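Student: Sharing a structure, written as structure tokens. Questions coming.
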Amino acid sequence: MGCRTRVASNVNGLDGSFNRGNVACVTLNLVQLAYQAEHDIDKFFELLQENMDDAKKLLLHRFYLLCKQGVFDDVYKKGYYLGAEKKDAYAMLKNGTLSIGFIGLWDAVSVLINEGIYSIDMMRKNFQLAYSIIQRMRDYTDQATKTECLNISLLASAAEGVTGNFAQYDSMHLGREFDVCKKGFYTNSFHVPVDLSVNYKDKIDMEGRFHHLCNGGSITYIELNEMPGINVEAVKEIVEYAYENDCNYIGINFPMDNCKTCGFIGRISDKCPCCKSVDISRLRRVSGYLSEEKSFTSGKHKELKQRKSHLYFNEWGDNRDD
């Protein structure tokens, strides 16, 4: 998944993404750290430092264990990875990346300030706190890259599984009284909370400021309430606005339902509008993958139900910021 395996700079060889990849990653639960800090921001940053230290140790353990015990004969033979010609695991894998990721930035901010994030204005008011958290993490990974001579990067985690698992665990141990935990999932990486009513420009404006910090990969997505159809100009406008606002990866999501009986494709509520069949395949994208709704994890099902569109299409294909 390109948005979460961004490899560009290389402290041990040629820059660029060809014949390189992410070797291992660890995701930090920022919301759990906020629960533990009990509204004390200084305490939160102390916990963040401790957890970053633990994450780095775990990544290094995985890396050196892989260098020692990994079997790469085919990789050496076919030259799949940069440095494979040396037939030495360390000399090869040091060109890859080790990523520390995070989930639930705005949920964590909500817990720290003891107030819900219920509007884009509320996010703007607390932007500096949110930004300082991710900046602290990026500073840490940059320093770790220098001291370890390995490509340690900051990842805006995709979090297909942990979005619900983290919330479920915390509901049993730490966060059951908090609204951000009761909803059953944590908001992905630095994303605007999915239940917030914001237009696509406000969403891109807010999220675009975090992309450059996440050198291990990140994404901003825009949710449409319908298939864009022939409205090429609206899609072009979204992409250009994301480009102008420093987004390194942009995704455009829309529902796509398929009637398995007659083949009709479009937005289907309960029954197919053509043949009235209820045998419907519902394709959605809530992380990085386009997949059937029935295959989502519990956390992603809950997130999908709360997601609000950032751009609306009417029956004539026009669009409006709403």
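The values are calculated or read from the model by the stated rules, or taken from the named source; none is laboratory data. Not measured: the values here are computed from a predicted model. Note: ideal-geometry Cβ built from the backbone for every residue, glycine included; neighbour counts use all protein chains shown.
Student: As an exercise: evaluate Glu115 against (1) acidic (Asp, Glu); (2) touching a Phe, Trp or Tyr at 6+ places or on another chain (Cβ under 9 Å); (3) within 18 Å of Tyr186 (Cα to Cα); (4) surrounded by fewer than 19 Cβ atoms within 10 Å (Cβ to Cβ) and give the number of the one condition it does not meet.
Tutor: (2)
Student: Within segment 118-161, restricting attention to residues that are touching a strand residue (DSSP E or B) at 6+ places or on another chain (Cβ under 6 Å) and assigned to a helix (DSSP H, G or I), which residue is farthest from Gly16 (Cα to Cα)?
Tutor: Among those that are touching a strand residue (DSSP E or B) at 6+ places or on another chain (Cβ under 6 Å) and assigned to a helix (DSSP H, G or I), it is Met137.
Student: Conditions first: (1) exposed (fewer than 14 other Cβ atoms within 10 Å of the Cβ); (2) in contact with a Phe, Trp or Tyr (Cβ under 6 Å, 6 or more places away or on another chain). Leu105 passes all but one, so which condition is the exception?
Tutor: With (1) exposed (fewer than 14 other Cβ atoms within 10 Å of the Cβ); (2) in contact with a Phe, Trp or Tyr (Cβ under 6 Å, 6 or more places away or on another chain) applied to Leu105, the lone miss is (1).
Student: Search segment 249-287 for residues being among the hydroxyl-bearing types (Ser, Thr, Tyr) and in contact (Cβ under 8 Å) with a residue 60 or more places away in the chain, and hand back the single one that is surrounded by the most Cβ atoms within 10 Å (Cβ to Cβ).
Tutor: Start the filter on segment 249-287 by keeping residues that are among the hydroxyl-bearing types (Ser, Thr, Tyr), which leaves 249, 261, 269, 277, 281, 287.
Narrowing further to those that are in contact (Cβ under 8 Å) with a residue 60 or more places away in the chain: 249, 287.
Details: Tyr249: 19, Ser287: 23.
Of everything passing the filter in segment 249-287, Ser287 is surrounded by the most Cβ atoms within 10 Å (Cβ to Cβ).
Matching residues to (1) farther than 14 Å from Val192 by Cα; (2) crowded, with 19+ Cβ neighbours inside 10 Å:
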position: Lys125; (1), (2): no, no
position: Gln128; (1), (2): yes, no
position: Gln135; (1), (2): yes, no
position: Asp142; (1), (2): yes, no
position: Thr147; (1), (2): yes, no
position: Leu150; (1), (2): yes, yes
position: Ser153; (1), (2): yes, yes
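Student: Among the numbered conditions (1) under 22 Å from Met123 (Cα atoms); (2) at pLDDT below 95; (3) assigned to a helix (DSSP H, G or I), tell me where Asp170 comes up short.
Tutor: (1)
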